[in-house]
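For reference, the structure is listed below as structure tokens.
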Amino acid sequence: MRIVIFSNTYKPVISGVVMSIALFRRGLIEAGHDVHIIAPEYEDYEDEEPGIFRFPALDLPDRLDLSLVIPFKTSMTPTVRGIKPALIHSQHPVWMGGLAAAFARDLNLPLVFTFHSRYDEYAQRYVPIAPELAGMVTEEIVGRYLEKCTHIVAPTPNIRDLILRDYGVDVPVTVVPTPVDLGQYHDLEPQRVRAALGLENAELLLYVGRLAEEKNLDFLLRAFARIVATRSQARLLLVGKGPRERRLRRMMRKLGLGERGIFTGPIPHSEVPHYAAAADVFVFPSVAETQGLVLIEAMAAGTPVVAVKSPSSADVLAEGGGLLVPAREDAFAEAVLGLLADEPRRRAMGEQAARAARRYSIPAATARLLSVYEAAIAAGGDGCHHADHE
């Protein structure tokens, strides 16, 4: 099967969407399929893999973490037609997503779309003027986009329910979780990570992700201050970068946490399993995720999770491997302290986490995505039959 994936973002950007595309692409190629990606070009970045087509783009501010493709459909037409795809898979409802829908319509091909984010919430957060309006406008744009799709992929059951509830679509919506490369979880080196950070004897809490407002990190620091008051050996490792870092460093000082909070900056993705294995507990305060891929990555390393209760964290922890707590600092701190104080329980929960992560293997997730593709092709290019709504 020949597949063309349209995305507003791809390597070298590190994000959940990029990981999802890269891992599914690998799974599809290993299963014998032909996968092409159409994405923005990034300054000074050269692709090492074949089948990636880049188009001119404007780099947007760091906090948005994407390039804005200058969408010249005419310049892409020879590429897309030349590939002769059986299906088009879009990763965004705007920009590249709009081009994906246009090509699907013109070539009468099925359009599959992955609903990665709570787009309305992101719009409200990043459009400072009239956030409510931004949310409503975004919902309208997304709703119109969904009408053009043949099949919609949701990364979790909770996102599927949201799509059906808020958008009332009349096309199939299937849950296909983003895979995790479980091959990276053999021969883990937790001691190497601890030694490099000088944390051999610490009780280590780990957060991996963007240092951004929607990740609820102010909450995490306040909860950590409570944890440290009881267990002075506790250390919090914040892995990642983002617009909130300076503020978080200031807050760390204000809370009197001194050297107990450690900012590592971003690390190569191949190092994440080793960092996860080095931690005693993975801490996750965000309620804005659609899937919480970092949770699964931590669990694959056999590290138990304490997460603020949210639909996506509940989906991931449905088979155990962690604790879901209400969004109260005292409750969060208590859950972490309970695990730190009870090593047998912590170990058992870590083993449970590693078992639960297996259902996210690349072959398992790819097989589910292929069944969506086959259903979309069987339904035919009539997914673009709603074109007259535009």
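Some points to look at:
To keep it simple, each residue is scored yes or no on (1) at pLDDT 60 or above; (2) under 23 Å from the mean Cα position of the chain (by Cα); (3) crowded, with 20+ Cβ neighbours inside 10 Å; (4) under 17 Å from Leu146 (Cβ atoms).
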site	(1), (2), (3), (4)
Phe55	yes, no, no, no
Leu60	no, yes, no, no
Ser75	yes, no, no, no
Ile83	yes, no, no, no
Val112	yes, yes, yes, yes
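- Verdict on Arg260 being under 24 Å from Ala195 (Cα atoms) and either surrounded by 20 or more Cβ atoms within 10 Å (Cβ to Cβ) or touching an Asp or Glu at 6+ places or on another chain (Cβ under 8 Å) (or both): no
- Of all residues in segment 316-331, those that are in a helix (DSSP H, G or I) and either among the charged types (D, E, K, R) or loosely packed, with under 15 Cβ neighbours inside 10 Å (or both) total 4.
- Wholly enclosed strands (runs of 3 or more DSSP E) of segment 134-248 bearing at least 2 residues in contact (Cβ under 8 Å) with a residue 40 or more places away in the chain, out of contact with any Leu (no Cβ under 6 Å at 6 or more places or on another chain) and polar (S, T, N, Q): none
- So Arg235, is it crowded, with 20+ Cβ neighbours inside 10 Å, charged (D, E, K, R) and modelled with pLDDT of 95 or more: yes
- Matching entry among Ala335, Ala367, Ala348 (being among the aliphatic types (A, V, I, L, M), assigned to a helix (DSSP H, G or I), surrounded by fewer than 16 Cβ atoms within 10 Å (Cβ to Cβ) and more than 22 Å from the chain's Cα centre (by Cα)): Ala348
- Yes/no for Ile37 being within 29 Å of Pro363 (Cα to Cα), in a strand (DSSP E or B) and either touching a helix residue (DSSP H, G or I) at 6+ places or on another chain (Cβ under 9 Å) or modelled with pLDDT of 85 or more (or both): yes
- Every listed requirement among (1) at pLDDT below 80; (2) buried (at least 19 other Cβ atoms within 10 Å of the Cβ) is met by Gly27 save one, (1).
- Close pairs from segment 86-107: first β-branched (Val, Ile, Thr), partner in a helix (DSSP H, G or I), Cβ under 7 Å, at least 6 apart: Ile88/Ala100; Ile88/Phe103; Ile88/Ala104; Val94/Ile141
- So Val153, is it over 30 Å from Thr138 (Cα atoms), in contact with a helix residue (DSSP H, G or I) (Cβ under 7 Å, 6 or more places away or on another chain) and at pLDDT 95 or above: no
The rows are residues; the columns are (1) surrounded by 23 or more Cβ atoms within 10 Å (Cβ to Cβ); (2) in contact (Cβ under 8 Å) with a residue 12 or more places away in the chain; (3) assigned to a helix (DSSP H, G or I).
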| site | (1), (2), (3) |
| --- | --- |
| Tyr275 | yes, yes, yes |
| Ser286 | yes, yes, no |
| Leu295 | yes, yes, yes |
| Met299 | yes, yes, yes |
| Val306 | yes, yes, no |
| Ala314 | no, yes, yes |
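- Only a single criterion out of (1) out of contact with any helix residue (DSSP H, G or I) (no Cβ under 8 Å at 6 or more places or on another chain); (2) farther than 23 Å from Ile21 by Cβ is not satisfied by Ala327, namely (1).
- Filter pass, Thr290 being in a strand (DSSP E or B) and polar (S, T, N, Q): no
- Hits in segment 251-272 (condition: closer than 25 Å to Leu323 by Cβ, part of a helix (DSSP H, G or I), over 16 Å from the mean Cα position of the chain (by Cα) and not basic (Lys, Arg)): Met251, Met252
The values are calculated or read from the model by the stated rules, or taken from the named source; none is laboratory data. Nothing here was measured: the structure is a model prediction, and the numbers come from that model. Note: ideal-geometry Cβ built from the backbone for every residue, glycine included; neighbour counts use all protein chains shown.
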